[in-house]
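The values are calculated or read from the model by the stated rules, or taken from the named source; none is laboratory data. Predicted model, so just to flag it, every value in this text is computed and none were measured. Here the Cβ positions follow ideal geometry from the backbone for every residue, glycine too, while neighbour counts run over all protein chains shown.
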Amino acid sequence: MKIGRLNHVGVATPDVEAAARTYRELYGADEASDPIELPKLGVRVIFVRIPNMQIELIEPLGAASPIHKFLEKNPKGGQHHMCFEVPDIVAARDAMRERGATILGTGEPYTGAHGVPVIFVHPKNTGGVLVELMQEPEGEHA
Ligand SMILES: C[C@@H](C(=O)O)C(=O)SCCNC(=O)CCNC(=O)[C@H](O)C(C)(C)COP(=O)(O)OP(=O)(O)OC[C@H]1O[C@@H](n2cnc3c(N)ncnc32)[C@H](O)[C@@H]1OP(=O)(O)O
Ligand SMILES: [Co+2]
């Protein structure tokens, strides 16, 4: 298993609209999606598209959101995860486990915001950086 392209960087924020405005007004990043609610994942997101990847702005949604604790510790928000593409998410999961990494949750890949399966690797395995691996979207980079 070898990681592929950086797909997105996740940034936690108490307010995705305000964060998207900041990226537009301060950096001229004017290609942003509408807010997308993902109740199963406990998040509300806006994707800010830049030429080689996306910034995934993430706000908590619902009481069980994985973002709550992070925002308690970082009330103004902050960089939350990096997401890399892999050609085969199940093979990647198995390889990560063989190498001693902790896959979060049940370890079963689940559908992320991009409509493809994802897993998360514990930050303790990567020097304090939470890593998301996602199945490479088909045909996207042909
Ligand atoms: C929309 C979707 C998509 O792209 O498709 C997304 O990305 S949704 C993105 C949101 N979903 C997720 O994050 C799902 C995976 N996340 C999780 O399972 C969790 O949030 C964990 C990362 C395991 C943390 O949860 P937990 O309840 O254990 O919180 P905790 O505060 O006790 O944290 C345990 C240890 O991890 C550290 N920690 C927590 N969150 C971190 C983060 N984002 N980056 C780096 N370190 C982090 C804490 O400082 C602590 O370190 P010390 O032990 O040293 O004090
Ligand atoms: Co993500």
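Could you tell me whether P137 is modelled with pLDDT under 95 and more than 9 Å from ligand 1 (Cβ to nearest atom)?
yes
Would you list the strands (runs of 3 or more DSSP E) that sit entirely within the range 21-136 and hold 3 or more residues that are under 19 Å from H8 (Cα atoms) and either away from ligand 2 (no atom under 16 Å from the Cβ) or without any contact (Cβ under 8 Å) to a residue 40 or more places away in the chain (or both)? Full working, then the answer.
Values: elements: 36-38, 43-50, 53-60, 78-86, 117-121, 131-135.
Counting at least 3 such residues, we get 43-50, 117-121.
If N7 satisfies every condition in (1) over 17 Å from V118 (Cβ atoms); (2) part of a strand (DSSP E or B) but one, which is the exception?
All conditions pass for N7, except number (1).
Could you please find all residues in the range 43-60 being surrounded by fewer than 19 Cβ atoms within 10 Å (Cβ to Cβ) and under 17 Å from E17 (Cβ atoms)?
R49 - this is the single residue of the range 43-60 that is surrounded by fewer than 19 Cβ atoms within 10 Å (Cβ to Cβ) and under 17 Å from E17 (Cβ atoms).
Kindly indicate whether N125 is within 20 Å of A20 (Cα to Cα) and either within 14 Å of ligand 1 (Cβ to nearest atom) or in contact with an Asp or Glu (Cβ under 8 Å, 6 or more places away or on another chain) (or both).
Against the criterion (within 20 Å of A20 (Cα to Cα) and either within 14 Å of ligand 1 (Cβ to nearest atom) or in contact with an Asp or Glu (Cβ under 8 Å, 6 or more places away or on another chain) (or both)), N125 does not qualify.
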